[in-house]
Amino acid sequence: AQKTSVNTYRLEPRNKFQHHLVKAKAQAILTNKLQHSQYDGVSAPSLCASLSEEILNAVKAFEFDRYKYVVSTLIVQKAEQAMIVASRWVWDAERDSWISAECETKTFIALALVMACYYE
């Protein structure tokens, strides 16, 4: 006897992405890892990669249903300059979501963006 999978045609997640949980977790990771750090241009790229991976793993641990994630982390040295960060996505405003978290020290600013893209 073979089991057949029947499409449920369900369009909404059972465990929906929750902004406040993800923002708090990303903020805690940035603060814990960076609050006593100094800017170092040589190690910043690998630090961004490891922060992004840690945030991604933390978000996946929430087990939100039917989401794929993009995590981007940016570290910028403070040098009396302005900074504008922009991104553009094809977006489902009802189901897709995003959060940002930041950590500021005396020598740099770190910004993490987490985009949650719903898939059916």
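The values are calculated or read from the model by the stated rules, or taken from the named source; none is laboratory data. Just so it is clear, the structure is predicted and the values come from calculations on it, not from any experiment. Please note: Cβ atoms are built from the backbone with ideal geometry, for glycine as well, and neighbour counts cover all protein chains shown. Keep in mind that these areas ignore ligands, DNA and RNA; they rest on the heavy atoms of the full protein, side chains included. Shrake-Rupley method; radii C 1.70, N 1.55, O 1.52, S 1.80 Å.
Condition first: closer than 30 Å to ALA79 by Cβ, touching a residue at least 12 places away in the same chain (Cβ under 8 Å) and open to solvent by less than 50 Å² (accessible area, probe 1.4 Å). Can you find one or more residues in segment 14-27 that meet it?
Scanning segment 14-27, I find at least one residue that is closer than 30 Å to ALA79 by Cβ, touching a residue at least 12 places away in the same chain (Cβ under 8 Å) and open to solvent by less than 50 Å² (accessible area, probe 1.4 Å), so the answer is yes.
Checking the conditions here, which among SER87, SER37 is farther than 17 Å from MET115 by Cβ and not in a helix (DSSP H, G or I)?
Values: SER87 fails: farther than 17 Å from MET115 by Cβ.
That would be SER37, the only listed residue that is farther than 17 Å from MET115 by Cβ and not in a helix (DSSP H, G or I).
Out of (1) in a loop (DSSP other than H, G, I, E, B); (2) open to solvent by less than 30 Å² (accessible area, probe 1.4 Å), what's the single condition that is false for ARG95?
(2)
Among the residues of segment 70-92, write down those that are open to solvent by less than 40 Å² (accessible area, probe 1.4 Å) and of a type in the set (A, V, I, L, M). Lay out the reasoning, then the answer.
Restricting attention to segment 70-92, the residues satisfying the condition of being open to solvent by less than 40 Å² (accessible area, probe 1.4 Å) are 71, 73, 75-76.
Result: VAL71, ILE75, VAL76.
Does ALA58 satisfy being in a strand (DSSP E or B) and either open to solvent by 60 Å² or more (accessible area, probe 1.4 Å) or not hydroxyl-bearing (Ser, Thr, Tyr) (or both)? Don't jump to the end; show me each part of the working.
Details: in a strand (DSSP E or B): no; either open to solvent by 60 Å² or more (accessible area, probe 1.4 Å) or not hydroxyl-bearing (Ser, Thr, Tyr) (or both): yes.
So ALA58 fails the test.
With respect to ASN32, is the statement that it is over 12 Å from the mean Cα position of the chain (by Cα) and assigned to a loop (DSSP other than H, G, I, E, B) true?
Values: over 12 Å from the mean Cα position of the chain (by Cα): yes; assigned to a loop (DSSP other than H, G, I, E, B): no.
In short, no.
Considering ALA86, ALA79, ALA49, which residue is aliphatic (A, V, I, L, M) and modelled with pLDDT of 95 or more?
Details: ALA86 fails: modelled with pLDDT of 95 or more; ALA79 fails: modelled with pLDDT of 95 or more.
So the residue among ALA86, ALA79, ALA49 that is aliphatic (A, V, I, L, M) and modelled with pLDDT of 95 or more is ALA49.
From (1) touching a helix residue (DSSP H, G or I) at 6+ places or on another chain (Cβ under 8 Å); (2) on the phi > 0 side of the Ramachandran plot, pick out the condition that doesn't hold for GLU102.
Of the numbered conditions (1) touching a helix residue (DSSP H, G or I) at 6+ places or on another chain (Cβ under 8 Å); (2) on the phi > 0 side of the Ramachandran plot, the odd one out for GLU102 is (2).
Would you check which residues across segment 67-82 are among the hydroxyl-bearing types (Ser, Thr, Tyr) and farther than 30 Å from LEU11 by Cα and list them? Spell out how you get there, then give the answer.
Just the residues of segment 67-82 that are among the hydroxyl-bearing types (Ser, Thr, Tyr), to begin with: 67, 69, 72-73.
Correct list: THR73 only.
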